[in-house]
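Encoded as structure tokens, the structure appears first; notes follow it.
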Amino acid sequence: WTHKIPVNDELRSQLLSSSSLIKSPEGKAETKGTRRQKVLDFEQQRNVSIVHDEPGVTRDRVYTRAFWEDKEFMVVDTGGVVSVPSSESQGSDALAITRGGGPVAVAQALKDAAAAGLPALIERQAASAVEEALAIIFVVDGQAGVNASDLDIAEWLRKKHSNKFITLAVNKCESPVKGLLQAADFWCLGFTPIPVSAISGTGTGDLLDDVCAHLTSLEMRDDLDNKEKERLAIAIIGKPNVGKSSILNALVGEERTIVSPVSGTTRDAIDTEFTGPNGKLFQLIDTAGIRRRAAVAAAGSKTESLSVNRALQAIRRSDVVALVIDAMDCVTEQDYKLAEIIEKEGKACIIVVNKWDTIPDKNSKTTVYYEDDVREKLRVLYWAPIVYTSATNNQRIYRILEVATNAGEERCKRISTAILNQVVQEAVSLRQPPTTRGGKKGRIYYCTQAAIRPPTFVFFVNDAKLFPEDYRKYVHKHLRQNVGFPGTPIRLLWRSKT
Ligand code: GDP
């Protein structure tokens, strides 16, 4: 998710042009200094229109992506945030960092904010932005000192937004020593003042650090909430007789209720919900679950053949697929078909080599050789971890849950745009995109993770046609080597920037 920050003109210009953040007209990540990696990424807008817009002319919100360390923001220009009486040329600006929702949604959602006890000087639009904010940066004029509107806004923020993270930026504190004194004046507003200078950039790093620390704690809270709520859906897929039902039984016990009657005609998957040893909730989607031995005998061998359709339905409903193979048979043609589906559907996957007890004379090298064989035959799932199990001996059965959980988490993982662009730049510097006969060369402007489930990366390039398949594969491989994502497929999309 992104954090949206509506900012006032001055701070916004500073964010985009100061020495503490590096701007890049073409959205290319640059680095300067050793303190931190700073990237500004202009996905939708060019800096020209943002830095040089004239006061009073651009009053609509302008959204620009920005990054601070590993946090991603939308820098949003709310234009005139506060209307101050004409006698005062400089007012206080309330800035907001918000999550999700476009400007329309923001405006729509809280049209009535003003009605709810809002100081008259705060414009509705700004109030809406503040309302939706995750954190608020309250900007005051350090040279003018505390004025009545500052006190008004401070009171409003404390009353109405006490549940939000509010940071007080005291602007125009150019001199470090005097700046501290200027800032100290503002303690009376009830927030910790941070001296900043929009002109020189001093203090803005601390300000962003402060805000980002808060966002990190929010993310951690979100993660915890999600972990508690989340139920991992695992589809147990594989040829008949590889041991899918046995694995399910070993995991949840023989007593589980079989709900669907078996007629040989309806053989849809059934789901079993249970809590794993670590307290995590699982939903097992078992395509063979309704087959009981007696029923199988009655249904005959026809129903034994692999139903790709049925498997597909189960795969679609899952987060992670456990592709079960019989250790003795190893990978077969049918497994290959299933593997292709799993990859195509963008599902996380683990390969379960069951009946490991039937492999004679195992030694420390057995799994190494076996893995080579599996990898060779199932190249499409080269990223999938392998678990060797024996359902009849209960060997490593719970390992399935552990590995599937990891794979499921990787499928939802986001990596920061800063790190991503660093890795991509590294890939390009190690191997340049090819030059065409006409002298044209592919150029990657920047890359961003557009989605999860599965992780999807969009590469904005000068011309996607200048990136041949082998180069794309190379970047794909480099990305995996450096940022991982074990257990899940990833997608790389190449977009020409016109
Ligand atoms: P499914 O069709 O994939 O659900 O397979 P089942 O769970 O019905 O198992 C098919 C046969 O393989 C049964 O006779 C099981 O007892 C046997 N089986 C399952 N898992 C194992 C295992 O880990 N080791 C051995 N030796 N036999 C197993």
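A short reminder: the numbers here are calculations on the coordinates, not readings from a lab. Keep in mind that what you see is a predicted model, and the values were worked out from it rather than measured. With ideal geometry, Cβ positions are generated from the backbone for all residues, glycine too; neighbour counts draw on all protein chains shown.
Residue 451 versus residue 482, label points 7 Å from Cα toward the beta carbon: distance in nm?
Taking the two extended label points, one gets 2.4 nm.
Considering amide H positions built from the backbone, and no H for Pro or chain starts, which residues 5 or more places from residue 324, or on another chain, come under 5 Å of its amide H?
The list, which skips near neighbours in sequence, is 237, 238, 352.
Please work out the FRET efficiency for the pair residue 187 and residue 413, using the Cβ-Cβ distance as r and a Förster radius of 45 Å; give the result to the nearest 0.05.
For residue 187 and residue 413, the calculated efficiency is 0.60.
What percentages make up the Cα-Cα pair-distance distribution of segment 305-461 when the bins are 10 Å wide from 0?
Calculated over all Cα pairs of segment 305-461, the distribution is 9, 29, 29, 20, 11, 2, 0 percent.
To the nearest 0.05, what FRET efficiency results for residue 273 and residue 432 with a Förster distance of 51 Å applied to their C-beta separation?
E between residue 273 and residue 432, to the nearest 0.05, is 0.50.
Are any of the pairs 477/497; 377/477; 344/441 more than 21 Å apart by Cα-Cα distance, and if so, which?
477/497; 344/441
Compute the separation of the alpha-carbon centres of segment 356-407 and segment 158-211 and state it in Å as a whole number.
Going from one Cα centre to the other spans 56 Å.
Taking the mean number of other Cβ atoms within 10 Å as a proxy for protection, how do you rank 173-183, 235-245 from highest to lowest?
In descending order of packing, they fall as 235-245, 173-183.
Can you give the local net charge around residue 440? Use residues other than it whose beta-carbon is closer than 10 angstrom to its beta-carbon, Lys and Arg +1, Asp and Glu -1.
With Lys, Arg at +1 and Asp, Glu at -1, the neighbours total +3.
Full-extension gain between residue 392 and residue 164, please, as 0.36 nm times their residue separation minus the C-alpha to C-alpha distance.
76.6 nm
Antiparallel versus total DSSP beta bridges in segment 336-460: what percent is that, nearest 5?
70
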